[in-house]
Amino acid sequence: VDNIPGVAGVGEKTAAKLLKEYGTLENVLANADTIKGALGEKIRNGKDLAVISKKLATIITDVPVTFHERDYSLQEWNKEALVEIFTELEFKAIAKRILGEEIALPADDRRPTADKPQLDLFGSSMPAAAPTTSTEPADDENGYTVADKNIGNTAHDYKLLQTTEEIVAMLKELEGHTEICFDTETTNIDANLAELVGLSFSVTPATGYYIPCPHDRETTNSILQQLSGLFANERITWIGHNLKYDLLVLKWYGVELKGKLFDTMLAHYVIEPDGKRSMDLLSAKYLGYAPIPIAELIGKKGKGQGTMRDVEIEKAKEYAVEDADITLQLKNVFLPQLAAKQVDRVFYEVENPLVKVLTAM
């Protein structure tokens, strides 16, 4: 705890016993040759550390210090100075508690007016907030969002790609797009331990692609190699929900996304800092759509829970592409809200760039 090494292998009880028998550390060390067995050997080998440890643990009491008790006694407060500080910092509550009276704050000429607009975190003028209308579905009498749509009653076109030719066709389809939503399916919620099970892509709502990745690492690497040109395209903005996880998973396979990022989880955070922000909850709240629960595929949490590796490929395809599809739709909802809430600059210049920084750590 205190980083003082002591003698290796000699604990507190043994040390106390030795000091009781020999009186001082110096006497213990002087008689080290007479102490038998492993204990004697430990003391003989640790003589130097014992001396250093005692020096480190000894409190020096003769340091020349000038001390006048009156300098540390409680004096009368400098009320004028306190009022000035509390007024400058607008500490009205603290001022009343300490001084026993309220302080008068001057008129705040920093507040935005018609000729003096509000400034953002970067010192730039902020435009007046545009009026917004809610696009959220209604809540029931208990306050829960009613999500009437689901994969069973919503038209969609999710494609399963299992051959090189099918992947090549998808890449050709994606060539003209500069925004692609993607998601990874894995075997573990810890990105550092997860195996890649599949990749999903979506560029248009209600459509998308799923590429399964087998347990065989060599085959998965071959699939990722086919996608390397897409991942290396710096013109693409990659959309995802909690992108740090997906980027970490790909990092362990030697893959790095070169383009920009748009993380819908972070977008919602700057738009609405309070509350939960799982994709399922946001989908219900903003899209009125209930995604497939993961428990339907791998079971509830516990010892018997499986992984996405155990799921039938058709079901995995529906689940995986739905994730990418819903995330893309959430991005389309959040994009105008970033500007309306005047947090777009914080999102693009502060929060979003941190994803790649944290992934690289």
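So is Ile239 among the aliphatic types (A, V, I, L, M), within 23 Å of the chain's Cα centre (by Cα), on the phi < 0 side of the Ramachandran plot and not in a helix (DSSP H, G or I) or not?
Taking the combined requirement at face value, the residue satisfies it.
Of all residues in the range 28-73 being among the polar types (S, T, N, Q) and closer than 20 Å to Ile4 by Cβ, which is nearest to the chain's Cα centre (by Cα)? Can you show your working first?
Kept after step one, since they are among the polar types (S, T, N, Q), are these residues of the range 28-73: 31, 34, 45, 53, 58, 61, 66, 73.
Add one more test, that the residue is closer than 20 Å to Ile4 by Cβ, and what stays is 45, 53, 58, 61.
Working: Asn45: 47, Ser53: 41, Thr58: 44, Thr61: 48 Å.
That would be Ser53.
Given the residues Thr178, Thr187, which is the only one that is under 23 Å from Arg277 (Cα atoms), among the hydroxyl-bearing types (Ser, Thr, Tyr) and in the same structural domain as Asn332 (by TED's automatic domain parsing)? Spell out the reasoning first.
Working: Thr178 fails: under 23 Å from Arg277 (Cα atoms).
Just a single option satisfies the conditions, and that option is Thr187.
Being of a type outside the set (A, V, I, L, M, F, W, C), surrounded by 14 or more Cβ atoms within 10 Å (Cβ to Cβ) and assigned to a loop (DSSP other than H, G, I, E, B) is the filter here; which residues of the range 1-25 pass it?
Taking the range 1-25 first, the residues of a type outside the set (A, V, I, L, M, F, W, C) are 2-3, 5-6, 9, 11-14, 17, 20-24.
From the residues that got through so far, the ones that are surrounded by 14 or more Cβ atoms within 10 Å (Cβ to Cβ) too are 6, 14, 22.
Within the range 1-25, Gly6 is the sole residue that qualifies.
Do we find that Glu185 is under 14 Å from Pro212 (Cα atoms), more than 33 Å from the chain's Cα centre (by Cα) and not in a loop (DSSP other than H, G, I, E, B) in this structure?
On the way: under 14 Å from Pro212 (Cα atoms): yes; more than 33 Å from the chain's Cα centre (by Cα): no; not in a loop (DSSP other than H, G, I, E, B): yes.
So Glu185 fails the test.
Considering only the range 43-78, how many residues are surrounded by 10 or more Cβ atoms within 10 Å (Cβ to Cβ), of a type in the set (A, V, I, L, M, F, W, C) and over 30 Å from Leu25 (Cα atoms)?
Qualifying residue count, the range 43-78: 1.
Is it the case that Ala81 is farther than 30 Å from Gly9 by Cα, among the small types (Gly, Ala, Ser) and exposed (fewer than 12 other Cβ atoms within 10 Å of the Cβ)?
yes
Which one of the conditions (1) surrounded by fewer than 17 Cβ atoms within 10 Å (Cβ to Cβ); (2) more than 20 Å from the chain's Cα centre (by Cα) does Asn192 fail to meet, given that it meets all the rest?
(2)
Out of everything in the range 74-92 that is within 12 Å of Leu105 (Cβ to Cβ) and aliphatic (A, V, I, L, M), what residue ends up being nearest to the chain's Cα centre (by Cα)?
Residue satisfying both the conditions and the ranking: Leu89.
Which condition does Tyr289 not pass, out of (1) over 21 Å from Gly198 (Cα atoms); (2) at pLDDT 95 or above; (3) out of contact with any Lys or Arg (no Cβ under 8 Å at 6 or more places or on another chain), if it passes all the others?
Answer for Tyr289: the failing condition is (3).
Name, by its number, the condition in (1) closer than 24 Å to Pro212 by Cβ; (2) among the aliphatic types (A, V, I, L, M); (3) touching a Lys or Arg at 6+ places or on another chain (Cβ under 7 Å) that does not hold for Ile271.
Every condition holds for Ile271 apart from (1).
I'm trying to understand the selection: among the residues of the range 152-166, which are in contact with a strand residue (DSSP E or B) (Cβ under 9 Å, 6 or more places away or on another chain) and surrounded by fewer than 16 Cβ atoms within 10 Å (Cβ to Cβ)? Quick ask: steps written out before the conclusion?
Going through the range 152-166, the residues in contact with a strand residue (DSSP E or B) (Cβ under 9 Å, 6 or more places away or on another chain) turn out to be 154, 156-162, 166.
Of everything in the range 152-166, those that are in contact with a strand residue (DSSP E or B) (Cβ under 9 Å, 6 or more places away or on another chain) and surrounded by fewer than 16 Cβ atoms within 10 Å (Cβ to Cβ) turn out to be Thr154, His156, Asp157, Gln162, Glu166.
Residues that are among the polar types (S, T, N, Q), in contact (Cβ under 8 Å) with a residue 40 or more places away in the chain and surrounded by fewer than 17 Cβ atoms within 10 Å (Cβ to Cβ): which helices (runs of 4 or more DSSP H) entirely in the range 255-361 hold 2 or more of them?
none
Working only within the range 263-281, note down all residues that are under 13 Å from Asp183 (Cβ atoms) and under 15 Å from the mean Cα position of the chain (by Cα).
Matches in the range 263-281: Asp263, Thr264, Met265.
The values are calculated or read from the model by the stated rules, or taken from the named source; none is laboratory data. Predicted, not measured: the structure shown is a model, and the values here were computed from it. Cβ sites come from the backbone with ideal geometry, for glycine too, and all protein chains shown count toward neighbours.
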